[in-house]
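No lab work stands behind these numbers, since they all come straight from the coordinates. Note that this is a predicted model, so its numbers are computed, not measured. Cβ sites come from the backbone with ideal geometry, for glycine too, and all protein chains shown count toward neighbours.
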Amino acid sequence: MFKTVRNSLLALLAAMPLLAVAAPSAHDVVQQTTETLLADLKANKEQYRNNPNAFYDSLNEILGPVVDVDGIARGVMTVRYSRQASPEQMSRFQENFKRSLMQFYGNALLEYNNQDIRVLPASGRAEGERTSVGMEIRDGKGVVYPLSYTMVSIDGGWKLRNVVINGINVGKLFRDQFAQSMQNNRNDLDKVIDTWADTVARARQARGES
């Protein structure tokens, strides 16, 4: 009996290092990234207001590792256009898309004024290869805006694939903008790629978003 207990303890001790370095859950990734982002914004907000490019660089450092840029970009392009794109065009669009995403997100964050932002508790359900993580933003008037992050498992870690903000599917919004830009530019993929940041900026202004 004592031998069995000893062996069990040895097995548990051997497994502890593996448990200690277990990959964070999708909920953990969102929670940790949000905390890091808000702490950085709080410490450097005035500097970022005067130098937005520094903020975009910081956003890229914080968000870049947890955003599935390739998956999002292909989803925005859709199979129809991504199959037509050369590797160089796809790489260029991913870079332009990432930059526009950081600007889109960053402009909104610069207007952040101590609103209550919280990641909702994990549901406890099995996550599989794809799951959602909820968040709420409460503005100064007490109005609550729900967010839902779609997270996918890639190479043992969780990355952001899409965001739904107050019922608005951001992935679909970008996808519709891409399709409209292709139509406006007579299916000139290079032109659509090179003017993508302007396309997003115009759409944001038309919707009255910051």
**Message:** What percent of all Cα-Cα pairs in the stretch 40-165 falls into each 5 Å bin, going from 0 up to the bin containing the maximum distance?
**Reply:** 2, 9, 16, 18, 20, 17, 11, 6, 2, 0
**Item:** Cleavage-rule hits, GluC sites (Glu not before Pro), the stretch 88-156, DSSP coil, Cβ neighbours within 10 Å at most 15
**Value:** 111, 129
**Request:** Using DSSP, restrict attention to beta bridges with both residues in the stretch 21-205 and report what percent are antiparallel, rounded to the nearest 5.
**Result:** 95
**Asked** For residue 145, which sequence-distant residues (separation of 5 or more, or a different chain) have an amide H within less than 5 Å of its own amide H, given hydrogens modelled in the peptide plane?
**Response** 137, 138, 139
**Request:** Would you grab the residues whose amide H sits under 5 Å from the one on residue 162? Only those 5+ places off in sequence or on another chain, please, with H modelled 1.01 Å from N.
**Result:** 150
**Complete:** Diffing the stretch 175-184: the Karplus 3J(HN,Hα) column from phi (6.51, -1.76, 1.60, θ = phi - 60°), in whole Hz with x for Gly and Pro, holds 5, 5, 5, 5, 4, 5, 5, 4, 5, 5
**Residue-wise HN-Hα coupling along the stretch 25-36, computed from phi with Karplus coefficients 6.51, -1.76, 1.60 (Hz; x: Gly, Pro)** = 6, 4, 4, 4, 4, 5, 4, 5, 5, 4, 5, 5
**Prompt:** How large is the dipole of the stretch 21-205 about the Cα centre if only Lys and Arg carry +1 and Asp and Glu carry -1, each at its Cβ, rounded to the nearest 20 debye?
**Reply:** 560
**Message:** Using the Cα centre of the stretch 21-205 as origin and beta-carbon charges of +1 (Lys, Arg) and -1 (Asp, Glu), tell me which of 193, 60, 135 is placed farthest towards the positive end of the dipole.
**Reply:** 193
